[in-house]
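The values are calculated or read from the model by the stated rules, or taken from the named source; none is laboratory data. On a predicted model such as this, the values are computed, not experimentally measured, just so you know. Neighbour counts run over all protein chains shown; Cβ positions are idealised from the backbone, glycine included. These area figures cover heavy atoms from the full protein model, side chains too; ligands, DNA and RNA do not enter into them. Shrake-Rupley method; radii C 1.70, N 1.55, O 1.52, S 1.80 Å.
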Amino acid sequence: MSEIAELKIGDKTYELPTEVGSEKELAINVGKLRAQSGAITIDPGFKNTGSTRSAITFLDGEQGILRHRGYSIEELAEKSSFLEVSYLLIFGELPTATQLEEFQSEIADHMLVHEDIKKILDGFPASAHPMGVLSSLVTSQTAFYPESLDPNRSSKEVMLSIIRIIAKMPTFAAWAYKNEIGQPVIYPDSNLDYCSNFLKMMFARPGMNYEVDPVVAKALDTLLILHADHEQNCSTSTVRIVGSSQASLYASLSAGINALWGPLHGGANQAVIEMLEAIKEDGGDTDKYLAKAKDKNDPFRLMGFGHRVYKNFDPRARIIKKAADEVLEKLGVNDPVLEIAKGLEEKALNDEYFVQRSLYPNVDFYSGIIYRALGIPTEMFTVMFALGRLPGWIAQWKEMRENGEPIGRPRQVYTGATSRSYVDISGR
Ligand code: CMC
């Protein structure tokens, strides 16, 4: 039996049901509060508000735990592959060997994109940020596959939309980059694995022999796993809320890409490298930048530090830091910003300001250093995050649809002018 919470407003007491999740998290259900009392709850940034019940990802920010469908991120990163984790997120169980093979081969079948995508690409100036191009190309799929506009079609048809976007996303991402650097696009190679195919489309040039380095492909695969889902974050909530209006999968995903773009969310990986570069250019004085981050009159923040949910450590950051060391060593890369990052981390972790506020390095603090070592240019970092987060967004969208969730429509506390009469312009 779940407990009853009591809420007292003035001299009236209201009883609110509670519910407990499978990991014993307690929630007070305020779904009927307004009907009972006329009051609403207010929680800017949704810091205490659960927007849904979800069986995909469990995260305990105090203990630094992240699990997908019950499997720890540490185990998945070590033993699994990105497409296997994608399957797990979307279907709820790890695939059998046959299921994985079928999933991979369906994806391989749909990697090619419509030739007219090149015309859309041509319309973008080289200065276009690849995240903007990516979100546009994802929305453009509604035009090439108009049947995808209706999310209420059969599950087989919805599955086809899902397979298509997983298959085509690396092509869109790599082509956005080719557009930026003014090189002809490279067509997908369905004989290669997911990450090798992406790397070839990014770095091969017509008339050039390009061999994908397996160390690079493996490192990228691990990075994608680490980004695959993170429960109700800003972009995922966006995907769910857009999808709740019964907008199409592609429209919902495109909205998620735009939400991810901001520097407080996925855009942080680009911002971290730019920050580390700026510190290096400025003589490597990490104390100066720590002081700036602590100064409330200075808008500067230590990018890659802090997290809404993790208040002890970000388990993804631990895995990435170790991977950064390994990848740099294997590739023989000596990146001076790695030393700056390590120095900055050490100082921040021993600084009262950061300790008091439980600010730790997050997933984005070291990911940029690996991306750089893999040859990925800075403005593509957030695109890499989007590529990784895609299965999570899809799984969350699918779950929201299958749960028959109502349209997302928060309330507000109005603080504007009260009713007044219109004054003609001559009298103002
Ligand atoms: N540098 C300096 N101070 C910070 C930082 C930071 N990176 N992050 C938080 N603070 C301070 C903040 O000023 C506030 O101080 P006070 O209590 O004195 O006002 C306190 O810590 C709490 O911060 P908040 O902004 O209220 O916390 P939040 O949960 O709203 O924001 C965050 C979380 C991730 C947006 C924030 O920590 C931040 O801006 N970090 C830098 C950007 C970043 O790395 N984002 C990537 C997040 S991980 C990838 C992803 O999943 O999106």
Report task. Identify all residues within segment 48-68 that are under 25 Å from Ser244 (Cα atoms) and among the aliphatic types (A, V, I, L, M); write none if there are none. Result -> Ala55, Ile56, Leu59
**Report entry** Filter result (within 19 Å of Thr238 (Cβ to Cβ) and modelled with pLDDT of 95 or more) within segment 150-165
**Finding:** Ser161, Ile162, Ile165
Query raised in the report: Which of the residues that make up segment 53-70 are open to solvent by 40 Å² or more (accessible area, probe 1.4 Å), of a type in the set (D, E, K, R) and out of contact with any helix residue (DSSP H, G or I) (no Cβ under 6 Å at 6 or more places or on another chain)?
Result: Arg53, Glu62, Arg67
Query - Test: residue in segment 401-421 that is among the aromatic types (Phe, Trp, Tyr), more than 12 Å from the ligand (Cβ to nearest atom) and part of a helix (DSSP H, G or I) - result: no
Requested in this report: For Phe46, work out the one condition from (1) surrounded by fewer than 16 Cβ atoms within 10 Å (Cβ to Cβ); (2) at pLDDT below 95 it doesn't fulfil.
Outcome: (2)
Report summary line: Taking first residues from segment 25-52 that are under 19 Å from His230 (Cβ atoms) and second residues anywhere that are more than 16 Å from the ligand (Cβ to nearest atom) and open to solvent by less than 50 Å² (accessible area, probe 1.4 Å), the pairs with Cβ under 6 Å that are 6 or more apart or on different chains are Gly50/Ala27
Requested in this report: For residues that are of a type outside the set (Phe, Trp, Tyr) and farther than 16 Å from Lys178 by Cα, tally how many sit in segment 192-220.
Outcome: 15
Query raised in the report: So which pairs qualify, if the first residue must be in segment 209-224 and under 16 Å from Tyr366 (Cα atoms), the second must be open to solvent by 20 Å² or more (accessible area, probe 1.4 Å) and of a type in the set (Val, Ile, Thr), the Cβ gap must be under 8 Å, and the two must be at least 6 apart or on different chains?
Result: Thr222/Ile319
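For every residue, the table says whether it meets (1) at pLDDT below 90; (2) open to solvent by less than 40 Å² (accessible area, probe 1.4 Å); (3) within 12 Å of the ligand (Cβ to nearest atom).
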{"site": "Asp295", "(1), (2), (3)": "no, no, yes"}
{"site": "Phe305", "(1), (2), (3)": "no, yes, yes"}
{"site": "Lys311", "(1), (2), (3)": "yes, no, yes"}
{"site": "Asp314", "(1), (2), (3)": "no, yes, yes"}
{"site": "Lys322", "(1), (2), (3)": "yes, no, no"}
{"site": "Glu346", "(1), (2), (3)": "no, no, no"}
{"site": "Ser358", "(1), (2), (3)": "no, yes, yes"}
{"site": "Gly368", "(1), (2), (3)": "yes, yes, yes"}
Report summary line: Of (1) in contact (Cβ under 8 Å) with a residue 60 or more places away in the chain; (2) open to solvent by 30 Å² or more (accessible area, probe 1.4 Å); (3) not small (Gly, Ala, Ser), Asp285 satisfies every one except (1)
Query raised in the report: Given (1) within 27 Å of Val239 (Cβ to Cβ); (2) part of a loop (DSSP other than H, G, I, E, B); (3) in contact with a strand residue (DSSP E or B) (Cβ under 9 Å, 6 or more places away or on another chain); (4) not aromatic (Phe, Trp, Tyr), where does Asn48 come up short, assuming only one miss?
Result: (3)
Report summary line: Those residues of segment 82-115 which are of a type in the set (D, E, K, R) and either touching a Ser or Thr at 6+ places or on another chain (Cβ under 9 Å) or in a helix (DSSP H, G or I) (or both) amount to Glu84, Glu101, Glu102, Glu106, Asp109
Query raised in the report: Consider Lys330 against the criteria (1) in contact with a strand residue (DSSP E or B) (Cβ under 7 Å, 6 or more places away or on another chain); (2) more than 10 Å from the ligand (Cβ to nearest atom): it satisfies all of them except one. Which criterion is unmet?
Result: (1)
Report task. Consider Ser154 carefully, then state whether it is surrounded by 14 or more Cβ atoms within 10 Å (Cβ to Cβ) and among the small types (Gly, Ala, Ser). Result -> no
Query raised in the report: Mind checking which residues of segment 220-253 are open to solvent by 10 Å² or more (accessible area, probe 1.4 Å) and more than 13 Å from the ligand (Cβ to nearest atom)?
Result: Asp221, Thr222, Arg240, Ile241, Val242, Ser244, Ser245, Gln246, Ala247, Ala251
Requested in this report: Check segment 170-181 and report whether any residue there is surrounded by 19 or more Cβ atoms within 10 Å (Cβ to Cβ) and in a loop (DSSP other than H, G, I, E, B).
Outcome: no
Query raised in the report: Could you say whether any residue in segment 183-195 is open to solvent by less than 50 Å² (accessible area, probe 1.4 Å) and in a helix (DSSP H, G or I)?
Result: yes
Requested in this report: Sort through Leu260, Leu276, Leu290 and tell me the only one that's within 30 Å of Ile225 (Cα to Cα), within 11 Å of the ligand (Cβ to nearest atom) and out of contact with any strand residue (DSSP E or B) (no Cβ under 9 Å at 6 or more places or on another chain).
Outcome: Leu260
Query raised in the report: Out of (1) open to solvent by 70 Å² or more (accessible area, probe 1.4 Å); (2) within 26 Å of the chain's Cα centre (by Cα), what's the single condition that is false for Arg34?
Result: (2)
Report task. Return the pairs, sorted by first residue and then second, in which the second residue is in a loop (DSSP other than H, G, I, E, B), the first residue lies in segment 142-159 and is free of Cβ contacts under 8 Å to residues at least 24 places away in the same chain, the beta carbons are less than 8 Å apart, and the residues are 6+ apart or on different chains. Result -> Glu147/Arg153
Query raised in the report: Just checking, how many residues over segment 327-352 are touching a residue at least 40 places away in the same chain (Cβ under 8 Å) and part of a helix (DSSP H, G or I)?
Result: 12
